[in-house]
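For reference, the structure is listed below as C-alpha cells.
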Amino acid sequence: MKPLLTDMSLPELQQAISTLGEPAFRAKQVYGFLQRGEDFSGMGNIGKGLKEKLEAAYDAQGVRVLRSFVSSLDGTEKYLYALRDGNVIEGVFMRYHYGNTLCVSTQVGCKMGCAFCASTLDGCVRDLTPGEMLSQVLVVDRLHREGEKRGVTNVVLMGSGEPLDNYDNVLKFLRLLNAPEGICISQRNISLSTCGLVDKMDRLKDEGLGITLSVSLHAPTNEQRDALMPVNRRWPLETLLPACRRYERMTGRRIVFEYALIEGKNTSLADADRLAALVKGLRCHVNLIPVNEVKERGLLPPQQKGILAFEKRLAERGVSVTRRREMGDDIAGACGQLRRSHLAGEQDEQGE
Ligand code: SAH
C-alpha cells in the first residue's frame, strides 16, 4: 500500500510536498481538500504536476464508503467502509439535538473477546492507522455538509476495536482531529471508550487531553465481569476503579461508565446496589445500554420494567444515570453486526 496523506499532520505534509520539489504553500491547499473529505479527483486548483506526483506516490483518503443504510425509525445512518487493502469496517452516524455524532472504528475486528460483542468474534485483523480513522470522519462529514448545514460535530471511539490497544495511532488520530487547521473537532466533543486497559488509561491521563473517557464496566463483581470480559482477569475491578479515580483526578473530567444490561447476568437490584457502592465518591455518570442482541451470543436485554427498576435504584443510591437511546435498530445498528453480515454475505456468494 502507498503511504496515506491523511496520516500526516500539516507540517508532515509540508515536508512531503517540498520533497517532491513543489512549493510548501501548496501543502495548505492540499491539506484543506483532504480535511474536507476530498480525494484527488476533488482537488481543483493545486496544479496538474503536483496532483500527478502526489497520486503516483500516495493515497489520499484511507476509506471509501462501500454502502450506507438509513434507519427509517430515527434517521441514524450506518456505513460500511472499504479500506485500501480490501478490509471492511463500519460506522454509525447519529443525529442528536446538540450535534451529529460519528462512531469510529479503531481496529479491523478486536482481540478483547467480550462475550456480548460481535466485533471480536473473528479476532483482530489489524490496527487502523491515524489517517484511516480520520478519513472515516472526513468522508462522512463531507456527505452531510453537502446536503445539510451540519457535518460531524462529535466523535466517539466506540466502533470495532479497542482504542487503547492501538494507542499510538489513536493518539495521533485524536491530535489530527483536533488540529486547528483541520476539521478541528473540539476535545469536549470526543469520547474514547475502553474495556479497561489500566496501564494505557494511566498513560492517557497524562496526555493533556480534554476528551471524555468511557469505561465499559458491564458488571459490579469480578466474578460476573470475568464471565463477560476476559480483560477483567488481567485488570480486575480492584485495579480498574482506582485507575478511573486517578484519571478523573488528573484530568478533572468525569468518567462515563457503560453498563450493558443482560438478562440474568447483571440486572438484579443487588447488582445495582453493588454498582453504586463500586463508584461511590467518584465523579462519574453511568450509561445503561439494554444489550443489543447478537445472534451468535444468545444474550438478551431485560424487559422494560427491569431496566427502569435498575435505573431507579441507581438514582436512589445517588448515581448519575441515564439510559442510552437505542438507535438504528432496523439497520443492524449494534456493534460489529453490519460488518459480520457483510462478510457472511460475501461468503454465501462465493459458496454459490
Ligand atoms: N473496545 C472499546 C470500544 C468498543 S465498543 C470498549 O470496550 O469500550 C463500544 C461499547 O459497546 C462498549 O461499551 C462495548 O462493551 C459495547 N457493546 C459491545 N457489544 C455490545 C452489545 N451487543 N450490546 C450493547 N453494548 C455492546
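The values are calculated or read from the model by the stated rules, or taken from the named source; none is laboratory data. Since we're looking at a predicted model, the values are computed, not measured. Cβ: placed from backbone, ideal geometry, glycine included. Neighbour counts: every protein chain shown. With ligands, DNA and RNA removed, areas are computed over all heavy atoms of the protein, side chains included. Shrake-Rupley method; radii C 1.70, N 1.55, O 1.52, S 1.80 Å.
Find the relative contact order for the chain and round it to a whole percent, using C-alpha pairs within less than 8 Å whose residues are 6+ positions apart. Numbers along the way, then the final one.
Numbers: 666 pairs, mean separation 52.9, N = 352.
Answer for the chain is 15 percent.
When the accessible area of the chain is computed with all protein chains present and a 1.4 Å probe, what percentage of it is carbon and sulfur? Don't jump to the answer; show the numbers that get you there.
Values: 7650 of 15430 Å².
After summing per-atom areas, the C and S share lands at 50 percent.
Using the Cα centre as the reference, give the magnitude of the dipole from point charges on the C-beta atoms of the range 5-57 (Lys, Arg: +1; Asp, Glu: -1; all else neutral), rounded to the nearest 20 debye.
Numbers: 6 positive and 7 negative charges, 43 e Å.
That gives a dipole near 200 debye.
Starting from the amide H of Thr76, placed 1.01 Å from N in the peptide plane, find each other amide H under 5 Å away whose residue is 5 or more places distant or on another chain.
Placed amide hydrogens put Ser71, Gly328 under 5 Å from Thr76.
With the Cα gyration tensor of the chain in hand, give its eigenvalues times 5 under a square root as the equivalent ellipsoid semi-axes, listed largest first in whole angstrom.
On the way: eigenvalues 276, 103, 65 Å².
For the chain, the ellipsoid semi-axes come out as 37, 23, 18 Å.
State in Å² the accessible area per residue of the range 63-351; use a 1.4 Å probe, count heavy atoms of protein chains only, and round to the nearest integer.
So the range 63-351 comes to 43 Å² accessible per residue, rounded to a whole number.
Using a Cα-Cα cut-off of under 19 Å, which aspartates and glutamates could be cross-linked to Lys149, ignoring same-chain neighbours fewer than 8 residues away?
Hits, sequence-local ones excluded: Glu38, Asp74, Glu77, Asp141.
For the chain, what is the mean residue ellipticity at 222 nm derived from helices alone (per DSSP H run of n ≥ 4: -39500 (n - 2.57); sum divided by total residues; nearest 500 deg cm²/dmol)?
One gets -11500 deg cm²/dmol as the mean residue ellipticity at 222 nm.
For the range 5-57, what is the convex hull volume of the alpha-carbon atoms per residue, in Å³? Numbers along the way, then the final one.
On the way: hull volume 3.7 nm³, N = 53.
So the per-residue Cα hull volume is 70 Å³.
So, with +1 on the Cβ of K and R and -1 on the Cβ of D and E, and no other charges, what is the size of the charge dipole of the range 243-321 about its Cα centre, to the nearest 20 debye? Don't skip to the end; give the middle numbers.
Details: 15 positive and 9 negative charges, 88 e Å.
Around 420 debye, computed over the range 243-321.
Give the distance, in whole Å, between the Cα centre of the range 21-85 and the Cα centre of the range 231-249.
If you average the Cα positions of each part, the centres end up 39 Å apart.
Between Arg67 and Ser41, 0.36 nm times their residue separation minus their Cα-Cα distance comes to what?
7.4 nm
Amide H neighbours of Glu263 under 5 Å, at least 5 residues apart or on other chains, H built in the peptide plane: list them.
Leu300
Out of all DSSP beta bridges in the chain, what portion is antiparallel? Express it as a percent rounded to 5.
45 percent
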